[in-house]
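Below is one structure, written out as structure tokens; comments come after it.
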Amino acid sequence: MFDHFWKTWGASVIGPLHRKIGLPNQDSWMARRYKWGNVLVVSDGLGSKVHSDRGSKAACLAVFDAAKCYQKYAKSDFNDILRFLHASWLVRLAPHSPGDCSATCLFAMQIGEKITIGRIGDGMIAVTKKLGFKSVILSDDKQNYFSNQTDCLDSAFIPDKWESKTIDASECEAIVLCTDGIADDLILEERLNFAQNLESTYRNMDAQKRSRDLSRWLNTWPVPGHSDDKTIACLYKIEGLL
């Protein structure tokens, strides 16, 4: 039977500043495949928070919890799913305070023939679509903030801080997620082209070669003075025989 399935790749590297001062990578990314679909998540722990690396890992695990809940209760208001995600994040932080673990969160949940993307905080989600369908970009508008401020997972759940969108999986080619260490260095008008070129470059590459090349590319990021951790991940569709 001719059909399609989904695959993922990703990479995360510690920024030059954190490496220099001996801090861990505060970004995280994770991907999981289930019988009912796939989930991809990227999170950036806020650099000013002492346990932000723990916060970003907890955010990834909380997204998996929320996706499983959403798959089971598909008719739920998605704000309730986000509330569940936030509660799971809080539980997974213990014994640390949420104020010490603040993190952004960007995700893609492919459940059957629907894909729900969502984010809180900076970074970028780019959905590349088939010819004839309009692609989607979700990213932070930093014009309303100082350069070092962003929304994030914290002690209180505030629905208005989240942005989400559900789209037909049949329209999509790939979803690219990246933290602000990458997104902030991209010209706004070129973000979609960046995602499309990146996805096409790595789509058919051997997994080990792709992993090495991604790490090399991120560690030699071609922007003078860059200092932040960098994480990028992709969920992409493969057409073929099941």
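Residue 168 to residue 87: FRET efficiency via 1/(1 + (r/R0)^6), r the Cβ-Cβ distance, R0 35 Å, to the nearest 0.05?
Plugging the Cβ-Cβ distance into 1/(1 + (r/R0)^6) gives 0.75.
Over the alpha-carbon set of the range 72-125, work out the extent along each principal axis and list the three values in angstrom, largest first.
Over the range 72-125, Cα extents along the principal axes are 38, 26, 15 Å.
Counting pairs of alpha carbon atoms under 8 Å apart in space and at least six apart in sequence, what relative contact order in percent does the chain give?
30 percent
Can you tell me the dipole magnitude for the chain around its Cα centre, using point charges on the Cβ only (Lys, Arg +1; Asp, Glu -1), in Debye to the nearest 20?
820 debye
Leaving out same-chain residues fewer than 8 places away, which lysines sit with a Cα under 24 Å from that of residue 114?
7, 35, 68, 72, 75, 129, 130, 134, 161, 165, 237
Could you give the length gained on full extension between residue 190 and residue 216, defined as 0.36 nm per residue of separation minus the Cα-Cα distance, in nm?
Difference between extended and current length: 7.2 nm.
Could you pull the Rg and Dmax for the range 169-242, using just the Cα atoms, both in Å?
Here Rg and the maximum Cα pair distance are 13.6, 47 Å.
Need one word for the chain: rounded, prolate or oblate. Basis is the Cα gyration tensor (sqrt eigenvalues a ≥ b ≥ c); a/c below 1.5 gives rounded, then a/b vs b/c decides.
oblate
What residue among 123, 187, 23 has its Cα farthest toward the positive end of the dipole of the chain, where the charges are +1 on Lys, Arg and -1 on Asp, Glu, each on the Cβ?
So the residue we want is 23.
Tell me, what ³J(HN,Hα) does each residue in the range 173-189 have, in order and in whole Hz, if you take phi through Karplus 6.51 cos²θ - 1.76 cosθ + 1.60 with θ = phi - 60° and put x for Gly and Pro?
Those phi angles translate into 9, 6, 10, 10, 10, 8, 7, 5, x, 9, 4, 5, 8, 9, 5, 3, 6 Hz.
Place a +1 charge on the Cβ of each Lys and Arg in the range 1-116 and a -1 charge on the Cβ of each Asp and Glu, then give the dipole magnitude about the Cα centre in debye, rounded to the nearest 20.
That gives a dipole near 240 debye.
Step through the residues of the range 116-123 one at a time and calculate ³J(HN,Hα) from phi using the Karplus curve (6.51 cos²θ - 1.76 cosθ + 1.60, θ = phi - 60°), rounding each to whole Hz and writing x for Gly and Pro.
Listing the rounded values in order: 10, 10, x, 7, 9, x, 7, x Hz.
Please compute the Kirkwood hydrodynamic radius over the range 1-129, one decimal place, Å, based on all pairs of different Cα atoms.
Result for the range 1-129, one decimal place: 15.4 Å.
Just so you know, all these numbers are worked out from the coordinates, no wet-lab data involved. Since the structure is predicted, the reported quantities are computational estimates derived from the model, not experimental observations. So basically every Cβ, Gly included, is an ideal-geometry build from the backbone, and we count neighbours across all protein chains shown.
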